[in-house]
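Colleague: There's a structure below that I have some questions on.
The values are calculated or read from the model by the stated rules, or taken from the named source; none is laboratory data. Keep in mind that what you see is a predicted model, and the values were worked out from it rather than measured. Neighbour counts are summed over all protein chains in view; Cβ atoms, including those assigned to glycine, are modelled from backbone coordinates with ideal geometry.
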Amino acid sequence: MGDKEKLKRSLRNLEKITGLSMEIDWNQELDVDFAVAQIDGMIGAYKEKYNTSYFLQNLITGNLEQGNIVEGAAKLHISLEEKRTLFLIEIASKNYSMTETLLKQLFHDKRNTYLVKISKNRLAVLYPIKEQEDLFDLGNTIVDTINMELYVNAKLSFSQTFDSLLDLEGAYKKAHMTMEIGKIFQFGKNVFPYNDLGIGQMIREVPYDVCRNFLLEVFKGEIPDFLDEEYLIMVHTFFTNNLNIAETARGLHMHRNTLIYRIEQLEKKTGMDIRKFEDALVFKVALMVVNYLKIERVLI
């Protein structure tokens, strides 16, 4: 291919991709290689600016004005008005690329679904919602697929549904908050819906000093440090089974009498019998507060 043809091809690509047309005065002395490099650089910069993932990243982080959102969405053929939710997925950073590949396979036949890199261990899925679709079930399917295929512990939160791309930034903030609250307060769970934050959302708004005073009152002046993983699993399983001894013993593969003995030992140490509803309620809230303060590094 001659120099003129190379330059003409670059000009055609420029017009096709950006809509910009340029005229060349062939009578002037021209460094064709330099001109081609400059035009290809313009094309690359345009592609980067209007790359779908790049565009959605900037939209999520609030770096776009409304007019730029409308213009960018039109150029990228992203529907401005469509019922959507935002899934936020957290994995270990070393598993990011494999998770991204797996999600592309999982959603390969889902039109208008977009993957967006948020950080080295988080990515988002902008997902169009079908009629009567169960987002909690879909979230569990995503997490189960990642965990089974890649042997990692993925966590997922999702936002409220929203109808306009202009609301994506707010949806991300909601999904981010849901992820943070879910990881602290929903022991043993990997999927956190935006509308199931429960009492954890309220605890997170309580000042640290008030939380500490509550724990000192519940535990009679001394915050216990005996709550190891085995105790926590037992207590949370007991609560999940609605204080049912038989179901909890089966779930833990433990003899009924062993479970009762451990619950009684817990009562001796805390003064609370978690077989009673009121004590169980106070103890559950106390555990949530302990976990919150530990994660916030203010439990002293």
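Colleague: What tally of residues in segment 158-197 results from selecting those that are of a type in the set (Gly, Ala, Ser), free of Cβ contacts under 8 Å to residues at least 40 places away in the same chain and buried (at least 19 other Cβ atoms within 10 Å of the Cβ)?
Modeller: 1
Colleague: Does Glu222 satisfy being over 30 Å from Asp144 (Cα atoms), within 25 Å of the chain's Cα centre (by Cα) and not in a helix (DSSP H, G or I)?
Modeller: no
Colleague: Could you check, for segment 128-146, whether at least one of its residues is under 30 Å from Val70 (Cα atoms) and of a type in the set (Phe, Trp, Tyr)?
Modeller: no
Colleague: Okay, moving on. Of everything in segment 119-135 that's out of contact with any Phe, Trp or Tyr (no Cβ under 8 Å at 6 or more places or on another chain) and either among the charged types (D, E, K, R) or in contact (Cβ under 8 Å) with a residue 60 or more places away in the chain (or both), which residue is surrounded by the fewest Cβ atoms within 10 Å (Cβ to Cβ)?
Modeller: The qualifying residue surrounded by the fewest Cβ atoms within 10 Å (Cβ to Cβ) is Glu131.
Colleague: Quick check: anything in segment 50-57 in contact with a Phe, Trp or Tyr (Cβ under 8 Å, 6 or more places away or on another chain), modelled with pLDDT under 75 and at negative phi?
Modeller: No.
Colleague: Inside segment 115-139, can you point out the residues that are part of a helix (DSSP H, G or I) and either over 13 Å from the mean Cα position of the chain (by Cα) or under 12 Å from Ile91 (Cα atoms) (or both)?
Modeller: Of everything in segment 115-139, those that are part of a helix (DSSP H, G or I) and either over 13 Å from the mean Cα position of the chain (by Cα) or under 12 Å from Ile91 (Cα atoms) (or both) turn out to be Leu135, Phe136, Asp137, Leu138.
Colleague: Given the conditions (1) within 20 Å of Ile203 (Cα to Cα); (2) out of contact with any Leu (no Cβ under 9 Å at 6 or more places or on another chain), report the number of the one that Leu287 does not fulfil.
Modeller: (2)
Colleague: Here's something else I'd like to know. Using beta carbons and a limit of 7 Å, which pairs, at least six apart or on different chains, have the first residue in segment 104-118 and under 12 Å from Ile142 (Cβ atoms) and the second one of a type in the set (Ser, Thr, Tyr) and buried (at least 17 other Cβ atoms within 10 Å of the Cβ)?
Modeller: Phe107/Thr113; Thr113/Tyr127
Colleague: A further question follows. Would you confirm, using the coordinates I've provided, whether Glu90 is surrounded by 12 or more Cβ atoms within 10 Å (Cβ to Cβ), among the acidic types (Asp, Glu) and modelled with pLDDT of 85 or more?
Modeller: Yes; evaluated as a whole, the condition is true for this residue.
Colleague: Which of the following residues is part of a loop (DSSP other than H, G, I, E, B) and in contact with a strand residue (DSSP E or B) (Cβ under 6 Å, 6 or more places away or on another chain): Asn112, Asn63?
Modeller: Criteria check complete, one pass: Asn112.
Colleague: Could you tell me which residue of segment 81-110 is farthest from the chain's Cα centre (by Cα), considering only residues that are of a type in the set (Val, Ile, Thr) and within 13 Å of Leu150 (Cα to Cα)?
Modeller: Going through the qualifying residues, I end up with Thr101.
Colleague: Can you name every residue in segment 241-261 that is within 20 Å of Val285 (Cα to Cα) and in contact (Cβ under 8 Å) with a residue 12 or more places away in the chain?
Modeller: Leu243, Thr248
Colleague: Can you tell me which of Tyr261, Tyr231 is modelled with pLDDT under 90 and either touching a Leu at 6+ places or on another chain (Cβ under 9 Å) or part of a helix (DSSP H, G or I) (or both)?
Modeller: Of Tyr261, Tyr231, the one residue that is modelled with pLDDT under 90 and either touching a Leu at 6+ places or on another chain (Cβ under 9 Å) or part of a helix (DSSP H, G or I) (or both) is Tyr231.
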